[in-house]
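Working notes, structure below.
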Amino acid sequence: MGWKVNVDFRPSLVHGTGVFALEPIAAGTKVWAFDDSMSVCGLPELAALTPERLAFALHGGYFHHPSGRFVWYEDGMEYVNHADRGRANIGITEWTPLEEDNCTALRDIAPGEELLEDYGFWSIFQLPQSHWLHGLYQDFCPDHYAFLTSIERRRRAA
């Protein structure tokens, strides 16, 4: 399990299920970190998944830019909802080696507060349009791809 703090999963006012702090979290605290329970793969491994499993992986996972690998998990991190940069309270501020990858509290977080991340940092829109992940998202996770596209449009307009 990648969680380093106590969290709860419950209905979110942002979207579907969300992740909520069960205790105060100080700014700078690692809230989640990469571990052995996560799947790390490239195109061949993703393409071998069933369409349903692939959609699940794409919806909750991310492309780790330095390693060139796609990471997905089933520890509940897939329930962290998006918030624009000013409202996000957790995130990645710089890329680290995959074994050190983590998500930290960007500010103090109160118990009961939903954990929200700006998806723009790790978005596939940081990759060239010709990258193989764009096609997989369009074919197997089109709703999430459209959502990521809308985030990228807002970022560029700002």
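Read-outs throughout are calculated quantities, based only on the coordinates presented, and are distinct from any laboratory measurement. Bear in mind the structure is a predicted one, so any value in this text is a computation, not a measurement. As a convention, Cβ positions derive from the backbone with ideal geometry for all residues, glycine included, and neighbour counts pool all protein chains shown.
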Cα gyration tensor shape of the stretch 73-158, rounded if a/c is under 1.5, else prolate or oblate by comparing a/b with b/c: prolate
Extension reserve of the F63-R155 stretch, reckoned as 0.36 nm per residue once the Cα distance is removed: 31.2 nm
Debye equation applied to the C-alpha atoms of the stretch 1-128, log10 I(q)/I(0) at 0.14, 0.17, 0.21 Å⁻¹: -0.60, -0.89, -1.35
Distance between modelled label sites at E78 and A146, nm, 7 Å Cα→Cβ extension: 2.1 nm
Among 53-63, 7-17, the order from most to least packed when residues are scored by Cβ within 10 Å on average: 53-63, 7-17
Sorted by Cβ neighbour density within 10 Å, fewest at the top, the residues E94, E117: E94, E117
Between 0 and 90°, nearest 10: helix 51-60 axis offset from the chain longest Cα axis: 40 degrees
Span from the the stretch 54-100 Cα centroid across to the the stretch 108-158 one, whole angstrom: 10 Å
